[in-house]
Amino acid sequence: MEKSAYLDAMNITRWRGADKPGKPYLVIHDLDADMSEHPFLNHILSLIGVTPEQCDFDCQHVSGPQVVWDMRKVAMRPRVAWLVSKPLQDVIASPEQKRLLWKQICDHQNSQ
């Protein structure tokens, strides 16, 4: 078993050195892939005033950065993200999911 998969299975977060400051925002997703280059994701982030360079992309919540988008399939507590949706591929394929996401974006913009 890969070391990082073992740590994830045991729900152990990774140690981060204090000398390397983390990014201020976090996008949580289910895929074990680099999501920072996805055009749809980058467009949504730009609508809420965040750049991909300001974000860490991870499969689980880590304390510290503000969660801007939680797109995990299984709802986990606490839900503190600005945007909460189905996984990215489900949102792209479903007009209803896009509508729900758009409503959250509008609500976020109106609250600022």
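The values are calculated or read from the model by the stated rules, or taken from the named source; none is laboratory data. These numbers were taken from a predicted model, which means no experiment stands behind them. No Cβ is skipped: glycine too gets one built from the backbone with ideal geometry, and neighbour counts run over all protein chains shown. Calculation scope for accessible area: heavy atoms of the full protein, side chains included, ligands and nucleic acids excluded. Shrake-Rupley method; radii C 1.70, N 1.55, O 1.52, S 1.80 Å.
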When you go through VAL62, VAL91, VAL67 one by one, which is the residue that is in contact with a strand residue (DSSP E or B) (Cβ under 8 Å, 6 or more places away or on another chain) and not in a loop (DSSP other than H, G, I, E, B)? VAL67
Working only within the range 48-71, note down all residues that are buried (at least 19 other Cβ atoms within 10 Å of the Cβ) and among the charged types (D, E, K, R). ASP70
Among the numbered criteria (1) more than 12 Å from the chain's Cα centre (by Cα); (2) at pLDDT below 90, which single criterion is violated by GLN97? (2)
Working only within the range 24-53, note down all residues that are in contact with a strand residue (DSSP E or B) (Cβ under 8 Å, 6 or more places away or on another chain) and over 21 Å from ARG79 (Cβ atoms). ASP34, SER36
Could you list, ordered by first residue, the pairs with Cβ atoms under 9 Å in which the first is in the range 27-45 and without any contact (Cβ under 8 Å) to a residue 24 or more places away in the chain and the second is among the aliphatic types (A, V, I, L, M) and open to solvent by less than 40 Å² (accessible area, probe 1.4 Å), at least 6 apart or interchain? SER36/VAL27
Pair list, Cβ < 8 Å and 6+ apart or interchain, from the range 83-94 residues that are closer than 15 Å to LEU26 by Cβ and aromatic (Phe, Trp, Tyr) to residues that are surrounded by 14 or more Cβ atoms within 10 Å (Cβ to Cβ) and modelled with pLDDT under 90: none
When you scan the range 14-47, how many residues do you find that are open to solvent by 80 Å² or more (accessible area, probe 1.4 Å) and at pLDDT below 70? 7
Would you tally the residues in the range 84-93 being of a type in the set (A, V, I, L, M, F, W, C) and open to solvent by 70 Å² or more (accessible area, probe 1.4 Å)? 1
Only one of (1) loosely packed, with under 15 Cβ neighbours inside 10 Å; (2) at pLDDT below 90; (3) of a type outside the set (Lys, Arg) is not met by ALA81, so which one is it? (1)
Among (1) under 15 Å from the mean Cα position of the chain (by Cα); (2) open to solvent by 20 Å² or more (accessible area, probe 1.4 Å) - the single one LYS103 does not satisfy: (1)
